[in-house]
Amino acid sequence: MYRLWPLAMLNCIAVVGTAISAPNVAVRAENFTVPPATGPTTHIQVRNTGAAECTVTIEPEFPEGWQWTPANREVTLASGEVKSLPFTIEKASDVKSNEYPIEITIIQGADKTSCQQSVVCASAPYFKPKIDGKFSDWSDAIPFTFTAAGGPASSGVERKTIVSTYWNKRYFYLYAQVEEEKLYSYKKSAAWVDAVQFALAPRTAVTASEAQAKAQRSEFLLVDVGGMFGKDKCFQLIKPGQELSVTQRQRSLETLQLKDAQIAVKRQGKITHYECAIPFSAVPTIRPTVGREIRFSILVHDPDGTGIRDWGKAAGLWPEQRNRFAWCKWSPAKWPADPPYDSKVEFGLCSSKH
Amino acid sequence: MSGKIRMAKTLSILALSICLLLMSGCAVNETYVSSDAEEGGSITIRVASADNTDAFEAGRRAASALREKMGSGSLNAVVLAECFEGRAQKKEVLKGVCAVFPKDIVFGFSTYGSFGQEGCFDLDSVSLLGISGDGIATSAALQQNLGIADLTMEENEAEIAVRLRAGGSGLAAKTPRRDDDRLMVIMADAHSPKNQFLLDGAQEVLGKDFPITGGSANKNAGQTFVYFQGRIYTDAAIALMLSGDFDVSLAGRQAKENDKVISSAAEGADEAMKNMRLKPFSVLAFNCAGRQGKLDNIEDELTAIKGVIGNEIPLFGAYCAGEIGPADVAEKNPDTLSSGVGWHVMFTVLGR
């Protein structure tokens, strides 16, 4: 039996990456954490969703002209078990669109299921941009784009978010371009506030499922303050070592302001631009060096449009990876009944895209 | 009238003389040669490192430590691997090193860090390799204006290949040669996979079986420098030739995951040591910064290397953006000793 899953059906989840399921087995190709032309090892995650042990062969097909090894890998999984299978890219080329289609064939006995997914290079090159609201320093970044639809007032219209990042010895930089109808600035009594929320963690960090467990991430919230003389703000919502119960508390954001951060939020046409520099002193568990693999994810709060846009979902995390302790709640953000996906998607610090 | 003409002629000659003087002052000597090696002469190779947020102080301290380790003999060459942010700090490191050693013998490149028996060094650090003794000779060359700074592999691969092959052959051709040449060390602003093109050019001159090792400079924006006779260059490559009555053995290993990075480093070091039939007196290791990034604990790889080579043979290691040496790949040309690759650690053992 050979089935090719309709691409349209997969794209209903997200444009960039999509978690895929075959009977009893789910697969997900991880994003590249360095530009693929450098020949990295990438991973395909395989999860046994069935009740019994199973053995499958996973055969990826990377973009045309690429070379990789091995051609396939056989894996045996207990019920519920997840394994990460390495594939080494021996020859590849980077593309400006930063979208790389991958076809993954799952072979289980006589059955074959072929699935399509698109991954990105999720990596921050080394650079020292100026955080000045001019956004002129971002041409050396490796932007990734994801779209989201739905939400309270969007009528199903898709909205784009473009995320660029840099790093250097002292700072992690983020530049998010958020397509949205209107910008709602941060005010104490506001019913709606637009914001960008993102998390950084070491590669080995995990999100526990108990409120008493300790956080292994640093999480930040960026908001526009509005007005002629308003200074845009960055709040640090959680630090490594804090109890995860913090994530569920409504706290005064004012006490969480990160004074050492630099931030500029500007509205141009239908795009809100968020530009910020976060000192690595606020992310003490990450040692910034070239090639360092970390975990990163981002939520965009667009309350009058798409609602929460979740990179974790767009990057193809599995529904089981939703975790209410993965992100800190804050007011007046509107949180859906289903919590967002885990805040720990693979990411890298690289040297340069050139 | 004739007085005016004489005055004009005098001024012209004066202007021309000033121009010539200025031009000669600005001209860069692109080669360096030490005195020849004597058979059976002494060879001293030592390594010293320092880390300090004051770049000048780091350079000066590392150089002072090296000076002390080297003893009284004059040095043939000092190889520098530094990891500081930005041109200004890099200039200060050079100044610090050149406050102790003459500029003429200082060569090197910007890296992602270095390692040796003293440990692993990343940000705000410098390591130096000192070479002295009448049993070893050095020569060096600089190839400026490789012409690839604004080109990308996606759009300009063919042009990059042409320019780097020309640069590589130019570099090798201008490197002063001796009958007892043993090893060329290339340090270049041409990272993997571009480093293969540069090496292709060098091998056109030296031959595919000549031992060549080296590394690509840090490719972080604003840090892509190589150093020749104490001066900073970008979009350039340098070569250092080591000569004398010693042997070299090379081995390379590739890895992209923590455990394999550690085990492959030990395997590579072991192969290079075992293939050295004479008494080893130094180990060079050009390592990939990407491998370093895969390590859960950066020291683990060094511990594995030291487990093979021990603590007595001076080890000079640098984390690079591409490596030159024996490629650890499936499809390898058996006639070619060295390749330009990434994700490798390239060991060279020098013995006599």
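The values are calculated or read from the model by the stated rules, or taken from the named source; none is laboratory data. Everything quoted here is computed from the prediction, not taken from an experiment. No Cβ is skipped: glycine too gets one built from the backbone with ideal geometry, and neighbour counts run over all protein chains shown. SASA here: full protein model, heavy atoms, side chains in, ligands and nucleic acids out. Shrake-Rupley method; radii C 1.70, N 1.55, O 1.52, S 1.80 Å.
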Cα centre as origin, Lys/Arg/Asp/Glu Cβ charges: chain A dipole, Debye: 1200 debye
Alpha carbon centroid spacing (whole Å) that separates region B:158-185 from region B:198-225: 8 Å
Accessible surface ranking that places the most exposed of B:184, B:273, A:228 first, with a 1.4 angstrom probe: A:228, B:273, B:184
Segment residue B:162-residue B:257, extension gain: residue separation times 0.36 nm, minus the distance between their alpha carbons: 30.9 nm
For residue A:66, solvent-accessible area (1.4 Å; no DNA, RNA or ligand), Å²: 20 Å²
Region B:74-179, dipole about Cα centre (Lys/Arg Cβ +1, Asp/Glu Cβ -1), debye to the nearest 20: 520 debye
Quarter of Cα convex hull surface for region A:85-238, i.e. mean projection, nm²: 14.9 nm²
Amide H within-cut-off set for residue B:342, under 5 Å, with H built and near neighbours excluded: B:323
Amide proton proximity set for residue A:238, modelled H, under 5 Å, gap of 5+: A:219
For region A:159-172, 3J(HN,Hα) per residue [Karplus equation, 6.51 cos²θ - 1.76 cosθ + 1.60, θ = phi - 60°, Hz, x = Gly/Pro]: 10, 9, 10, 10, 10, 10, 9, 9, 8, 8, 4, 10, 9, 9
Part-to-part distance (alpha-carbon centres) for region A:130-146 and region B:271-331, which is given in Å: 37 Å
DSSP beta bridges in chain A [antiparallel fraction, %, rounded to 5]: 90 percent
Charge-dipole axis of chain A as Lys and Arg at +1 and Asp and Glu at -1 on Cβ define it, positive-most pick from A:190, A:125, A:296: A:190
Listed residues B:234, B:262, B:167: farthest to the positive end of the dipole of region B:115-262 (Cβ charges): B:167
Whole-Hz ³J(HN,Hα) from phi, Karplus 6.51 cos²θ - 1.76 cosθ + 1.60, for region A:76-93, glycine and proline x: 10, 10, 6, 4, x, 6, 10, 10, 10, 9, x, 10, 8, 7, 9, 8, 7, 9
Folded to 0 to 90 degrees: helix B:299-309 orientation relative to chain B principal axis, Cα: 80 degrees
On Cα atoms only, tilt of B:86-98 relative to the major axis of chain B in degrees: 90 degrees
Dipole moment magnitude, nearest 20 debye, region A:298-354 about Cα centre, only Lys, Arg, Asp, Glu C-beta charged: 100 debye
Calculated FRET value between residue B:154 and residue B:72, using beta carbons and R₀ = 56 Å, to 0.05: 0.55
The protein assembly as shown - share of DSSP beta bridges that are antiparallel (%, nearest 5): 85 percent
Using θ = phi - 60° and Karplus 6.51 cos²θ - 1.76 cosθ + 1.60, couplings along region A:265-282 (whole Hz; Gly, Pro as x): 10, 9, 10, 9, x, 9, 10, 9, 9, 10, 10, 8, 10, 10, x, 5, 5, 8
Heavy-atom accessible area order for A:259, A:112, A:169, largest first, 1.4 Å probe: A:259, A:112, A:169
Options B:156, B:224, B:144, ranked by Cα towards positive dipole end of region B:110-241, top entry (Cβ charges): B:144
Percent antiparallel among DSSP beta bridges (both partners in region A:100-215, rounded to 5): 95 percent
Between region A:226-268 and region A:289-342, the alpha-carbon center distance in angstrom: 16 Å
Approximate spin-label separation residue B:299-residue B:332, in nm, with each point projected 7 Å along Cα-to-Cβ: 3.2 nm
Heavy-atom SASA rank of B:262, A:294 (probe 1.4 Å, accessible area, largest first): B:262, A:294
Solvent-accessible surface (1.4 angstrom probe) belonging to residue A:137, in square angstrom, nearest 10: 40 Å²
With DNA, RNA and ligands ignored, accessible area of residue A:185 (1.4 Å probe; Å², nearest 10): 20 Å²
